[in-house]
1. Out of the residues in the range 75-115 that are within 16 Å of the ligand (Cβ to nearest atom) and free of Cβ contacts under 8 Å to residues at least 24 places away in the same chain, which is nearest to Phe37 (Cα to Cα)?
2. Going through the range 17-39 one residue at a time, which ones are under 11 Å from the mean Cα position of the chain (by Cα) and either loosely packed, with under 12 Cβ neighbours inside 10 Å or over 30 Å from Arg115 (Cβ atoms) (or both)?
3. Considering only residues that are assigned to a loop (DSSP other than H, G, I, E, B) and among the charged types (D, E, K, R), look in the range 97-115 and name the one that is surrounded by the most Cβ atoms within 10 Å (Cβ to Cβ).
4. Can you name the condition, by its number, that Ala82 falls short on among (1) among the small types (Gly, Ala, Ser); (2) under 22 Å from Pro7 (Cβ atoms); (3) surrounded by 15 or more Cβ atoms within 10 Å (Cβ to Cβ)?
5. Residues being surrounded by 11 or more Cβ atoms within 10 Å (Cβ to Cβ) and either among the aromatic types (Phe, Trp, Tyr) or over 16 Å from Pro34 (Cβ atoms) (or both): count how many of those fall in the range 116-141.
6. Considering only residues that are over 20 Å from Arg56 (Cα atoms) and assigned to a loop (DSSP other than H, G, I, E, B), look in the range 10-21 and name the one that is farthest from the ligand (Cβ to nearest atom).
7. Any residue in the range 40-55 that is at positive phi sitting within a Cβ distance under 6 Å of a residue that is among the basic types (Lys, Arg)? List the pairs, counting only those 6 or more apart or interchain.
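What follows draws every value from the coordinates through simple rules; no lab data is involved. As the structure is a computational prediction, the values presented were derived from the model and not from experiment. Because the Cβ atoms are built from the backbone with ideal geometry, glycine has one as well, and the counts that use them run over all protein chains shown.
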Amino acid sequence: MKKEECPLCNPCDELVVAKTEKFRIIKVPDVNFPGYFRLIWNKHVKEMSDLSVQDRHSLMDALCSIEEIMIEELKPTKINLAEFGTMVPHLHWHLIARYEDDPNFPDSYWSAKKRTTDKAILADREKAAQKCAIRIANLFS
Ligand SMILES: [Zn+2]
C-alpha cells in the first residue's frame, strides 16, 4: 500500500487524544467498546522491526502507560494489545478493554458478536473512557 492510499497517512475522521512527534493516540468510536484506543505511528512504516531500537522502546513504554491508565479507570477483565496491519500495513496498535459481558468475550474483538452489553454499563464505561482520554492527553502533553 502506497502512502497516498493509506488511511492512516490520510486520516479523515480521527478522534485524536494525544499526539507526539513520533505517534498519536486516538479513541476508536465503537459504542459497544468504549475503552478502545489506538496508537498510530506517524510515519508510514510497516513493521515493529522498521523502528530504531529507541523508538521500539518508547512505543512499548507508551503502550504500557496507556494500559495502566485503562486498567485504573476502566477496570477491565483484560486489556487486549494487538498489532496486525494485514489490512492497513501502517504500524498501529489496538488497546481494547475487555469484559466478560462485552459482545464477543472471550473471543477476539473482531469475531462474531454473541451478546449485547447493558446500556447503563456501557454509559459508565464511556465516562471512564473519557477520563482515560484526559489522562492520556496529559501524559503526552
Ligand atoms: Zn500510512
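1. Ranking the candidates gives Phe84 first.
2. Arg24, Pro29
3. For the range 97-115, the residue satisfying everything is Asp102.
4. (3)
5. 3
6. Selected residue: Leu15.
7. none
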